[in-house]
Amino acid sequence: MNDSDLLNSLIALLKTGSAAAAYESIGKRGDVDPVIAALVPDVLCVGPAFTVRAHPNRSGGISASIDHAPPGSVLVIDVGYDAGTCAFGGTGSLAAQLRGIAGCVTNGYVRDVAEMRALRFPVFARGVSVRGGRKEPAAERGVPVTIGGQAVMPGDLICADDDGVVVIAQDHFPALESSLRARLAFEKEADTLVRQGMSYAQAVANKP
């Protein structure tokens, strides 16, 4: 299996699971600070990271980055921490969705949340603000970033849902399919055993 086939296989498998399953499958790591949370409920966001590093209180280059992100990728926007930075908005969500981008994760704030929710476009952010950002200087794309205490390299896999955001570093890719399949099978079996009347403690006693 070549790298592209492996990536596509992992993405398809992750889409059948959850952020929590991904976290467990890579050894309880990769979790982003829960302050960065889902603003659009009941969505699962999976894809390779397209990284963007903008300047605090500046949104310059973020809009252009949407036009460079490949379909299926997840925008990962690092603006540092500044309460005045609006990293993403409703029209950006529309443009990203039309381009086939899988979602957006940022350590900044966003606005136009009602539009994001109407679009069902997955956005994970520090919070919501009416403030806008200045449009200069330009952002950097395809560079290492840090989001919620997690380093993110271009091409790392993102798996995010209502529970939070997980970063799957590329060195986990070779073993991920096996470990994730085992985790998903365990979760399914545990649910079945509980429905059949087994105690929860017994049902999860042999978890991987």
* When ranked by the protection proxy of mean other Cβ atoms within 10 Å per residue, highest first, what sequence do the peptides 117-129, 178-190 form? -> 117-129, 178-190
* **Cα Rg, Dmax, region 1-67, angstrom units** => 15.1, 44
* Once you put a point 7 Å from the Cα of Asp171 and another 7 Å from the Cα of Glu140, both along the Cβ direction, what distance in nm separates them? -> 2.2 nm
* Match the structure shown to one of the listed values [x] 107; [y] 153; [z] 118 of volume of the Cα convex hull per residue in Å³, computed from it, and give that label. => [z]
* Structure fact -> Pseudo-spin-label distance Gln97 to Met198, built 7 Å along Cα→Cβ, given in nm, is 4.1 nm
* Structure fact -> Between Lys207 and Arg117, the FRET efficiency computed from the C-beta separation at R0 = 35 Å comes out, to the nearest 0.05, as 0.50
* Hey, what angle do you get for helix 173-195 against the long axis of the chain, alpha-carbon based, 0 to 90 degrees rounded to 10? -> 60 degrees
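Highest mean first, what order results for 28-35, 155-162, 109-116 on Cβ atoms within 10 Å? Display every interim value, and only then the final one.
Numbers: 28-35: 15.4, 155-162: 23.6, 109-116: 19.0.
The densest-packed peptide leads the list: 155-162, 109-116, 28-35.
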* Virtual spin-label span in nm between Thr16 and Asp67, 7 Å along Cα→Cβ -> 4.0 nm
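Compute the length gained on full extension between Val128 and Asp33: take 0.36 nm times their separation in residues and subtract their Cα-Cα distance, giving the result in nm to one decimal. Spell out each step's value before the answer.
On the way: separation 95, 0.36 × 95 = 34.20 nm, distance 1.65 nm.
Between Val128 and Asp33, full extension yields 32.5 nm more.
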* Taking Cα centroids, how far is region 142-208 from region 1-67 in Å? -> 13 Å
* Asked: When the label point is put 7 Å from the Cα of Glu189 along its Cα-to-beta-carbon vector, which residues of region 10-24 have a backbone N closer than 11 Å?
  -> none
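FYI, it's all coordinate maths here, none of it is from the lab. This is a predicted model, so every value here is computed, not measured. Don't worry about glycine lacking a Cβ; one is built from the backbone with ideal geometry, like all the others, and counts go over all protein chains shown.
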